[in-house]
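First the structure, in the form of structure tokens, and then the observations on it.
The values are calculated or read from the model by the stated rules, or taken from the named source; none is laboratory data. These numbers come from a predicted model, not from an experiment. Cβ sites come from the backbone with ideal geometry, for glycine too, and all protein chains shown count toward neighbours. We work out accessible area using only protein heavy atoms, side chains counted, and drop any ligands, DNA or RNA first. Shrake-Rupley method; radii C 1.70, N 1.55, O 1.52, S 1.80 Å.
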Amino acid sequence: MGTDQPRARLWNQIRDEFIKIVSYEIERVSLSLMNRWSIIQSHLNKYFGIVRTLQRAPTSGYNVEDSVSLVHIFLLK
């Protein structure tokens with residue numbers, strides 16, 4: 001679909017596709033899916049922002065696993 005479609009149409013299509021994937025009708029309306037996604041998205045944005053910061057300025061002596069541990073420490077703050 002184009003990028004200039006109304007928000008309601010987009011979320012109705014997302015809901016329809018989700019129903020196809022899970023193979024049963026869900027009780028959530030598209031607005032509740034949109035609200036739930038906004039919560040998930042804010043957490044993802046925070047996580048990837050921290051990951052990106054660590055990638056740009058890696059800590060000397062840290063490997064990938066150590067850096068992931070740092071991300072978890074930052075998220076707990």
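Quick notes on this structure:
- When residues in the stretch 23-52 are screened for being part of a loop (DSSP other than H, G, I, E, B) and among the basic types (Lys, Arg), 1 of them pass.
- Within the set SER23, SER67, SER60, SER30, the sole residue that is surrounded by 11 or more Cβ atoms within 10 Å (Cβ to Cβ), without any contact (Cβ under 8 Å) to a residue 24 or more places away in the chain and either farther than 25 Å from ARG7 by Cβ or among the basic types (Lys, Arg) (or both) turns out to be SER67.
- Any hit, the stretch 53-69, residues being outside any helix (DSSP H, G or I) and either of a type in the set (Val, Ile, Thr) or in contact with a Pro (Cβ under 7 Å, 6 or more places away or on another chain) (or both): yes
- Qualifying positions in the stretch 1-32 - at pLDDT 85 or above, closer than 30 Å to LEU75 by Cα and among the aliphatic types (A, V, I, L, M): ILE14
- Pick from the stretch 33-56, criterion polar (S, T, N, Q) and open to solvent by less than 70 Å² (accessible area, probe 1.4 Å), ranking: farthest from HIS72 (Cα to Cα): SER38
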